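Novice: I have a structure here, written as structure tokens, and I will follow up with some questions on it.
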Amino acid sequence: MNFWHAVGAIVWKDIRAEARTKDIFSSMFVFALLSVIVFNFAFQLRVADMKSVVPGMLWVAISFAGTLGLNRAFVIEMDKGSLAGLLLAPMDRAAIYFGKTLGNLLFMLIVEAVLLPLIMIFFNLSLFSVPHLLVLLLGTIGFAVVGTIFSAIAVNTRARDVLLPILLFPVLVPVLVSGANMTGMLLDGYGFRDILGNLQFVLFYDLVFAVLAYLTFDFVVEE
Amino acid sequence: MQRSEQTLTTLTVIAGLAVLVAAYLALVVAPPALGPSGQNLGPDLTAAQRIIYFHVPSAWVSMLAFAVTMVASIGYLRTGNQRWDIAALSSAEIGIAFTIAVLGSGSVWAKPAWNTWWTWDPRLTTYTIVFLLYVSYFMLRGSMDDPARRARFAAVYGIFAFVSVPITFFSIRWWRTIHPVLFDAQNFGLSSGMKPVFFYCLATFTLLYMVFLLHRMRLEETREEVEELKEQLGY
């Protein structure tokens, strides 16, 4: 079985499992929506122009919901003992990492695809343009790349779900800062050229941590 | 064993004396600082400025310590030798202590200089994130019982954490900075009387770090020896 074939098989397995239970998607989406609404109540009385807090709101909602989804990703594998099965399969272990990363990325993108129109309706904004979507895509890739390996670490500890955000958020700061920054700039009317530097930076982040995760994933799942 | 003990004791005494000399040099010998165009800074700021002799070396040592943690983490993943894990753990602990020293001494200086204890300047923000990164590192270590797994996971996190430090710094640098820049390509922001004291303090803190590291590693090794002996004796 070649590498990408194996990756594809793992993604397909996750999609089929999710299609049956809809556990991850529903909890992620409802949580993201709730955080946007809670933010709305929290800020409404003090912030004159809600437009100015939407970028932060969007990225925090994505991070919270993403953490929820990442937690489930490996808890499911552990509880049913399927991780052992995956590790026994005759393939490169990096395929497990990339398969799970792509699966997580896909679930997060689906949640964003539903969340984005709702935010646009709630706050009367236009977020549906190529630069906006590119910013979201690259940021979410960074989230999935780092989150997947940390989720594999956290699931093996005593604290489990509690530990993942603690491990994840300090490392994720560059993506959140750049992401919120770029979304804000685009909302303020800056063009694609103005955010190009930031965008390249997030791409660089994605690549660096993807390589690092590829090199270290073996040590995380080793028994 | 006996000889290495003696060396460590000697080093400890030297480091202790060097720190006393550093305090004297920084507080008494070093000339008062002047503003960028040679003007007098006023009594508060002139006194507060002497913090640089402890603040900058502390920052240097904290980064050195976290770099050593990363190198030791890579060493552990490559060899599986437990001594690397002990080095990583010890260095990270010292790094956290010096990070707190940097944040604390910086705040004391910022009050007279910027008229506030804290601002969200890139360097300050980065240091807060660095502090949180290594607090997470210890929370991760604390949440596992199996020593081999703990060492492996901590090593992976130790590498991720240190790689993220410069990336975090550059991501926040898009905000405007007000923190003084000591070194840049053209000039060096210290007068000729201040330089020797500054570099002496830098060297002293580096020595202090090495002594701390050796002591901390020895403590951890002794602790593990005691655990083993306890097991043999059936405690």
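Novice: Over the stretch A:3-221, calculate the relative contact order: mean separation of alpha carbon pairs under 8 Å at least 6 apart, over the residue count, as a percent.
Specialist: Details: 201 pairs, mean separation 59.0, N = 219.
Value for the stretch A:3-221: 27 percent.
Novice: Treat the count of other C-beta atoms within 10 Å as a stand-in for reagent exposure and order B:5, B:221, A:77 from fewest to most.
Specialist: Values: B:5 10, B:221 14, A:77 22.
Sorted ascending by nearby Cβ count, the order is B:5, B:221, A:77.
Novice: While we're looking at this one, here's another question. Given the DSSP H assignment, sum -39500 (n - 2.57) over each helix run of at least 4 residues in the protein assembly as shown and divide by its residue total; what's the result at 222 nm in deg cm²/dmol, nearest 500? Present the calculation step by step, with values, prior to reporting the outcome.
Specialist: Details: 15 runs with 363 residues, N = 458.
Taking each H run of at least 4 residues, the total per residue is -28000 deg cm²/dmol.
Novice: Two decimals is fine: what's Rg over Rh for the stretch A:68-129, C-alpha atoms, Kirkwood radius as Rh?
Specialist: Details: Rg = 16.7 Å, Rh = 13.9 Å.
In the stretch A:68-129, Rg relative to Rh is 1.20.
Novice: Comparing B:42, B:193, B:95, which has the greatest mean-square fluctuation in the GNM of chain B with Cα pairs linked when under 10 Å apart?
Specialist: Comparing B:42, B:193, B:95 in a Gaussian network model of chain B, the most mobile one is B:42.
Novice: Using only atoms on other chains, find how many Cβ atoms lie within 10 Å of each Cβ of peptide B:144-150 and report the average. Intermediate results must be reported in sequence, preceding the final value.
Specialist: Values: counts 6, 2, 1, 0, 2, 7, 1.
Across B:144-150, the average partner-chain Cβ count within 10 Å equals 3.
Novice: Normalized C-alpha radius of gyration of chain B, against 2.2 N^0.38 Å?
Specialist: Numbers: Rg = 20.3 Å, N = 235, 2.2 N^0.38 = 17.5 Å.
Compared with the compact-globule rule of thumb, chain B sits at 1.16.
Novice: Using θ = phi - 60° and the Karplus form 6.51 cos²θ - 1.76 cosθ + 1.60, what ³J(HN,Hα) does each residue of the stretch B:40-53 get, whole Hz, x for Gly and Pro?
Specialist: Result, ordered by residue: 6, 8, x, x, 4, 5, 5, 5, 5, 4, 4, 5, 4, 5 Hz.
Novice: Counting only other chains, what is the mean number of Cβ atoms within 10 angstrom of the Cβ of each residue in peptide B:118-129? Mind dumping the intermediate values first?
Specialist: Numbers: counts 0, 0, 0, 0, 0, 0, 0, 2, 1, 0, 2, 7.
So the per-residue partner count for this stretch is 1.
Novice: Moving to a separate point now. Just to be sure I understand: with springs between alpha-carbon atoms less than 10 Å apart, which residue in A:108, A:182, A:50 has the highest mean-square fluctuation in the Gaussian network model of chain A?
Specialist: Highest fluctuation of the listed residues: A:50.
Novice: I'm a student and want to see the number: the projected area of the Cα convex hull of chain A, averaged over all directions, in nm².
Specialist: Working: hull surface 50.6 nm².
Result: a mean projected hull area of 12.6 nm².
Novice: Which residue, B:147, B:196, B:57, tops the fluctuation ranking in a GNM of chain B built on C-alpha contacts under 10 Å?
Specialist: B:147
Novice: Where Rh denotes the Kirkwood radius from the mean inverse Cα pair distance, what is Rg over Rh for the protein assembly as shown?
Specialist: Working: Rg = 25.2 Å, Rh = 24.7 Å.
Rounded to two decimals, Rg/Rh equals 1.02.
Novice: Tell me, A:100, A:22 in order of fewest to most beta-carbon neighbours within 10 Å?
Specialist: Details: A:100 27, A:22 10.
With the fewest neighbours first, A:100, A:22 line up as A:22, A:100.
Novice: While we're looking at this one, here's another question. Lys and Arg at +1, Asp and Glu at -1: add these up for the other residues within a Cβ distance under 13 Å of residue A:131 and post the number.
Specialist: Spelling it out: positives minus negatives among the neighbours equals -1.
Novice: Then there's this: With θ set to phi - 60°, apply the Karplus curve 6.51 cos²θ - 1.76 cosθ + 1.60 along the stretch B:115-130 and write out the HN-Hα couplings as whole Hz, x wherever there is a Gly or Pro.
Specialist: Couplings: 6, 7, 6, 8, 9, 8, 6, x, 5, 5, 4, 4, 5, 5, 5, 4 Hz.
Novice: Looking at the stretch A:114-223, which trypsin sites (Lys or Arg not before Pro) are in a loop (DSSP not H, G, I, E or B) and have at most 16 other Cβ atoms within 10 Å?
Specialist: Working: sites: A:158, A:160, A:193; in loops: A:158.
Passing both the DSSP loop test and the Cβ count: A:158.
Novice: Continuing with the same structure: Averaged over peptide B:164-171, how many Cβ atoms belonging to another chain are found within 10 Å of each residue's Cβ? Intermediate results must be reported in sequence, preceding the final value.
Specialist: Values: counts 10, 2, 1, 10, 7, 1, 6, 12.
So the per-residue partner count for this stretch is 6.
Every number in this text was worked out from the coordinates using simple rules, so none of it is lab data. Model, not experiment: these values are computed from the prediction. No Cβ is skipped: glycine too gets one built from the backbone with ideal geometry, and neighbour counts run over all protein chains shown.
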